[in-house]
Amino acid sequence: MVPGHIIYGASKTFGTYLSQGMNYELSDKIDVISLEINKIDTKMVSLESNGVLVFSTQKTAASCLDDIGY
């Protein structure tokens, strides 16, 4: 087991459930977006990441913003 994975996974799960709850309670007032994808091209992860699908930051942001106000 790698140190920190439990905290990382727990924080991701908390974010998911928090955004789902906020969406349920506030959907008539605001848009709630929770973006959960595998990898985004950053300095830490390159687009050439061992055959794993990696998204560009621009495409990720554009895709996320497309759904606002739907």
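The values are calculated or read from the model by the stated rules, or taken from the named source; none is laboratory data. Bear in mind that the values here come from a model prediction, so they are computed numbers and not experimental data. With ideal geometry, Cβ positions are generated from the backbone for all residues, glycine too; neighbour counts draw on all protein chains shown. Surface accessibility is based on the protein's heavy atoms, side chains included, excluding ligands, DNA and RNA. Shrake-Rupley method; radii C 1.70, N 1.55, O 1.52, S 1.80 Å.
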Determine the pairs where a residue that is modelled with pLDDT under 60, located within segment 39-58, has a partner that is open to solvent by less than 80 Å² (accessible area, probe 1.4 Å) and of a type in the set (S, T, N, Q) with Cβ atoms under 8 Å apart, the partner being 6 or more residues away or on another chain.
LEU47/SER56
Give all pairs with beta carbons closer than 7 Å in which a residue from segment 1-29 that is without any contact (Cβ under 8 Å) to a residue 60 or more places away in the chain meets a residue that is open to solvent by 70 Å² or more (accessible area, probe 1.4 Å); count only pairs at least 6 apart in sequence or on separate chains.
THR16/GLU36
